[in-house]
1. Can you name the number of the only condition in (1) at pLDDT below 95; (2) within 13 Å of ligand 2 (Cβ to nearest atom); (3) within 16 Å of the chain's Cα centre (by Cα) that SER180 fails?
2. I'm checking my understanding of the structure. Among residues of the stretch 21-47 that are surrounded by 12 or more Cβ atoms within 10 Å (Cβ to Cβ) and charged (D, E, K, R), which one is nearest to ILE149 (Cα to Cα)?
3. Would you say LEU264 is closer than 26 Å to GLU142 by Cβ, touching a helix residue (DSSP H, G or I) at 6+ places or on another chain (Cβ under 7 Å) and open to solvent by less than 30 Å² (accessible area, probe 1.4 Å)?
4. Going by the conditions given, is GLY118 surrounded by 18 or more Cβ atoms within 10 Å (Cβ to Cβ), in contact (Cβ under 8 Å) with a residue 24 or more places away in the chain and out of contact with any Cys (no Cβ under 8 Å at 6 or more places or on another chain)?
5. Which one of these is surrounded by fewer than 17 Cβ atoms within 10 Å (Cβ to Cβ) and over 30 Å from PHE130 (Cβ atoms): ARG15, ARG7?
6. Of all the helices (runs of 4 or more DSSP H) wholly in the stretch 1-105, which have at least 1 residues that are in contact (Cβ under 8 Å) with a residue 60 or more places away in the chain and either touching a helix residue (DSSP H, G or I) at 6+ places or on another chain (Cβ under 7 Å) or of a type outside the set (A, V, I, L, M) (or both)?
7. Just checking, how many residues over the stretch 52-105 are within 22 Å of GLU159 (Cα to Cα), among the basic types (Lys, Arg) and surrounded by 15 or more Cβ atoms within 10 Å (Cβ to Cβ)?
8. Please work out which one of (1) within 10 Å of ligand 2 (Cβ to nearest atom); (2) closer than 17 Å to LYS271 by Cα is the condition CYS210 fails and give its number.
Amino acid sequence: MKNIKERIKQLKKKRPGYGEILDFYQKVKEAQAQVKASLQINPIKLKKEWKELLSKEGFSLIQKEDFPLDVEASAKLFQSLCQIGKDSNPHMAEQVGKIKEALDNKKIDLKNLLKEGGKEQRIEQVVNEFGLDKKVFSFLIESSIKPSIAAGMEKLRNELDPETWLKEYCPVCGSLPSLSLLKEEVGKRYLLCSFCGYQWRVERLACPFCGNKEQESIQYFLAEGEESYRIELCDKCHQYIKTIDYRTLEESDPLLEDLATLHLDILASQKGYKRPIPNPWTS
Ligand SMILES: [Zn+2]
Ligand SMILES: [Zn+2]
């Protein structure tokens, strides 16, 4: 948490326009860090033969819904995040008001919703029923289960070799990546799972979504004076990924770096490219 705070300070100085959203991010991270210490996560049992078969066939170890969750802690965190949202801006405050009302009248079964790990379909239902902003509600639910998901992923980390999987989806949970990271002198490329946060290595010069390797159909751009971030555009699938180059940037929270470079996502979308897992902060 100390490093995140330091980095947020630096970023705010560099990009004052991001001040408000960075303050919000810091509060969310603090609330998540608080529940981390007391989380109760059941062990995840994997049969050895099953595991071998899965990796041979290219399946992930588990599925998103198989992560054990601490529902009590997630529900508590949900309440804290609602409070943070309420204090941060009028739109969030309005949304939180509606959510609270539905919760108080027992119209939303929060614990059940969390237990289902924020299933898209269920979220959609609730959002439609109560006229909520899907982005806000999904964010609150996802951020509430995040500490449990991260703890589950940590339990599985040693079951895998991040260097040898090389596929476009996460070896732990099968989700798509949200970011790409370049590390070490030689520029090894890793993808960051959008759901569980696991990092695994992939080929350096290929589109991480469609596998396109033709260099003439992959372009990239970066913002002036920000050589540590770049957007890689694929003309085969018209999607893009943001790459954070940790060869020129001190180690930091990739999601924070993602948030502080929203301007690059806006440029990419103006050029007509999509991000399969959108930056949660773009509207
Ligand atoms: Zn994953
Ligand atoms: Zn592609």
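1. So SER180 meets the others, but not (1).
2. LYS36
3. It is false that LEU264 is closer than 26 Å to GLU142 by Cβ, touching a helix residue (DSSP H, G or I) at 6+ places or on another chain (Cβ under 7 Å) and open to solvent by less than 30 Å² (accessible area, probe 1.4 Å).
4. Judged against the criteria, GLY118 is a match.
5. Answer to the check: ARG15.
6. Once the helices (runs of 4 or more DSSP H) in the stretch 1-105 are filtered for at least 1 residues that are in contact (Cβ under 8 Å) with a residue 60 or more places away in the chain and either touching a helix residue (DSSP H, G or I) at 6+ places or on another chain (Cβ under 7 Å) or of a type outside the set (A, V, I, L, M) (or both), what remains is 2-14, 19-36, 48-57, 71-88.
7. Total meeting the criteria: 1.
8. For CYS210, the exception is condition (2).
The values are calculated or read from the model by the stated rules, or taken from the named source; none is laboratory data. Remember, predicted model here, so these are calculated numbers, not experimental data. Every residue, glycine among them, receives a Cβ derived from its backbone with ideal geometry; neighbour counts consider all protein chains shown. Heavy atoms of the whole protein, side chains included, go into the accessibility calculation; ligands, DNA and RNA do not. Shrake-Rupley method; radii C 1.70, N 1.55, O 1.52, S 1.80 Å.
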